[in-house]
Amino acid sequence: MDAFFAAVEQRDFPQYRNKPLIVGGEPNSRGVVATCSYEARRYGIHSAMSSAQAYRLCPHAIFVKPRFDAYRAASTIIRSIFAEYTEVFEPLSLDEAYLDVSATTLHKGSATLIAQAIKAQIKQQTELTASAGISYNKFLAKIASDINKPDGLYLITPDHGAEFIEQLAIEKFHGVGKATAAKMHDLGIKTGKELSAFSLLHLQQHFGKSGLHYYNIARGIDNRPVNRHRDTKSVGVEVTFDQDITGKAEAIAQLQGLLIKAIGRAVEKQLSARTLTVKIKYHDFVQITRSRTLPMSVTDAAGMAFILEDLLKNTDIGRRPARLLGVTLSSLATGSAAGFQQLDLFTDY
């Protein structure tokens, strides 16, 4: 979907249309931009930017808080449209999904015609625009979906896949972030063609386990299937504070509250977890994580206080102000697989 949260707001509130709109934290808060309209993007504003910086770039922008109920309602309609064309689709978030239409006979089995039909139906039923990327694997379809946005449609055929990748700037490769791109530039890698010139061994020496992934995508290889039942890998909760957290005891109390919420979400999904991860973002935006895998399931936030305190030992909490704290539960299993039990949680999670 194109600027999904902002698009829903502009659809529902005509006074926001054709104006720079930011969905997220207020400009005088410590929040961040969840998404923004294309009008706002012209000022250099983007997702995950601090709301304060967004305000500096565009003081006349409109800031609104997210309305997740409205976004979920639109997403439900969109997913029902997908189901009319294929049973094999993998939602990645409220506004993005992979669809496997290789077995679909609708529109003569043409993926391009199916994508056009889906886009038109989404527009008709939700008044929102979507962009579609069409190709023979997930990697290329994802990249294609970002071309010609908004309301875009782009096809990469098997005959043109290799040529497309050779000319693609390394920053455009899905999964290559700023730090990795900078490291690749230091190695003389600026395009897919230059990436493909590196051997698997060489890439693994520089990028570790990710070396195999970069080796494959430089050659257009991505054998991941579209997974109809995508497993939940983790459950997490985080909070950005209006004022920095400075005391260790206060940080532990905040983390316990976050852990209560995370356990509550795991319970809702009938999952249990054995790995507890704490995320800290300091006042200068430096971010760290600390993890512990336990022999038993994480089922009691109060009982985990000593674990949380232990995880904070090798951090600067108490000496260095923190602007964000987060808790993530992973190593997930279904209830029966990990001794799941219904928890007696606080009622306000």
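The values are calculated or read from the model by the stated rules, or taken from the named source; none is laboratory data. What you are looking at is a predicted structure, and each value in this text was computed from that prediction instead of being measured. Neighbour counts run over all protein chains shown; Cβ positions are idealised from the backbone, glycine included.
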Is it the case, given these coordinates, that residue 345 is crowded, with 18+ Cβ neighbours inside 10 Å and either part of a loop (DSSP other than H, G, I, E, B) or modelled with pLDDT of 85 or more (or both)?
no
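Results for (1) of a type outside the set (Ser, Thr, Tyr); (2) free of Cβ contacts under 8 Å to residues at least 24 places away in the same chain; (3) surrounded by fewer than 18 Cβ atoms within 10 Å (Cβ to Cβ); (4) within 25 Å of residue 208 (Cβ to Cβ), shown as yes or no for each residue.
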| residue | (1), (2), (3), (4) |
| --- | --- |
| 130 | yes, no, no, no |
| 144 | yes, yes, no, no |
| 177 | yes, yes, yes, yes |
| 181 | yes, yes, yes, yes |
So residue 76 clears everything in (1) at pLDDT below 90; (2) among the hydroxyl-bearing types (Ser, Thr, Tyr); (3) part of a helix (DSSP H, G or I) except one condition, right? Which one?
(1)
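Any residue that is more than 28 Å from residue 327 (Cα to Cα), surrounded by 13 or more Cβ atoms within 10 Å (Cβ to Cβ) and of a type outside the set (D, E, K, R) - is there at least one of those in segment 229-252? Step through it out loud before you land on a result.
Residues of segment 229-252 that are more than 28 Å from residue 327 (Cα to Cα), as a first pass: none.
Looking for residues that are more than 28 Å from residue 327 (Cα to Cα), surrounded by 13 or more Cβ atoms within 10 Å (Cβ to Cβ) and of a type outside the set (D, E, K, R), one finds none in segment 229-252, hence no.
Are there any strands (runs of 3 or more DSSP E) wholly within segment 227-339 with 3 or more residues that are small (Gly, Ala, Ser) and in contact (Cβ under 8 Å) with a residue 60 or more places away in the chain, and if so which? Explain how you work it out, then say what you get.
Details: elements: 235-245, 271-282, 287-293, 322-334.
Hits in segment 227-339: 322-334.
Filter segment 287-306 down to the residues that are of a type in the set (Val, Ile, Thr) and at pLDDT 90 or above and list them by number. Walk me through how you get there before you give the answer.
Taking segment 287-306 and keeping what is of a type in the set (Val, Ile, Thr), we get 288-289, 293, 298-299.
Result: 288, 289, 293.
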Would you check which residues across segment 34-45 are surrounded by 13 or more Cβ atoms within 10 Å (Cβ to Cβ) and either assigned by TED's automatic domain parsing to the domain that holds residue 151 or at pLDDT 90 or above (or both) and list them?
35, 36, 37, 38, 39, 40, 41, 43, 45
